[in-house]
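Taking it in order: structure first as structure tokens, then the write-up.
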Amino acid sequence: MVNILPQDSLKTVRHFYRSRAVVAGSLVASACGAVALLALLSAYTVINTVPASLEGFPEVKLPASSGEDREEVVRAQILLKEFEPLASSASSSMEFIGAALLARPAGVLVQNIHITRGTSATLVLAGTAPSRDDINAYRISLSKDPHFKSVSVPIGILAGAKDDRFTVTLTGDF
């Protein structure tokens, strides 16, 4: 096949398409930069406005824990007393959280608490325990507590399918 364009015209056409590709690439890069700027600007706004709203709260002083169970209970009670004024509704959930934390056997650590209020109120506790027997003992002590209507633990946790992590779902009138 023979190219019917002369060399000078061929260079001009190639230069045109190369310039077009550079312009398209720079427009794509500019659009990505604008999206990144918007994401960073919103993150910057959130970071700078949150500390200003938290300035009025007192600093919580906790006793140093040496790992003994009694100290953990005292520490949990101090935390409950400190967070009690922060409850935002007429019916406080602190009583139920306190009952759930005080029912823990030795060695069971609760690391996350999630509360859902409403007609089907739930309290989900997540944490770690040395063995599945400790998790089962925690489940039994919670089911005997009159604060909670039902206590459920996934069967895989009690069967030993997972490591030392657990979740307990409690229902009641929170």
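Nothing in this text is a laboratory measurement; each read-out follows from the coordinates by a stated rule. None of the values given here were measured: they were computed from a predicted structure. Positions of Cβ are generated from backbone atoms using ideal geometry, with glycine treated the same way; all protein chains shown enter the neighbour counts.
Key figures for this structure:
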quantity: Compactness of the range 8-54, expressed as Rg and Dmax over alpha-carbon positions, Å; calculated: 20.5, 69
quantity: Amide H within-cut-off set for Ala121, under 5 Å, with H built and near neighbours excluded; calculated: Gly172, Phe174
quantity: In Hz, Karplus ³J(HN,Hα) per residue of the range 120-130 (6.51, -1.76, 1.60; θ = phi - 60°; x = Gly, Pro); calculated: 10, 6, 10, 10, 10, 10, 10, x, 10, 9, x
quantity: Leu102 versus Asp69: modelled label distance in nm, points set 7 Å from Cα along the beta carbon direction; calculated: 1.5 nm
quantity: 16 Å tail of the calculated P(r), the range 96-145, as % of Cα pairs; calculated: 39 percent
quantity: Set of the range 1-20 residues, backbone N closer than 14 Å to the point 7 Å along the Cα-Cβ line of Val28; calculated: 20
quantity: Largest-first principal axis extents, alpha carbons of the range 69-171, Å; calculated: 40, 35, 21
quantity: Positive minus negative residues near Thr171 (Lys, Arg vs Asp, Glu; Cβ under 14 Å); calculated: +1
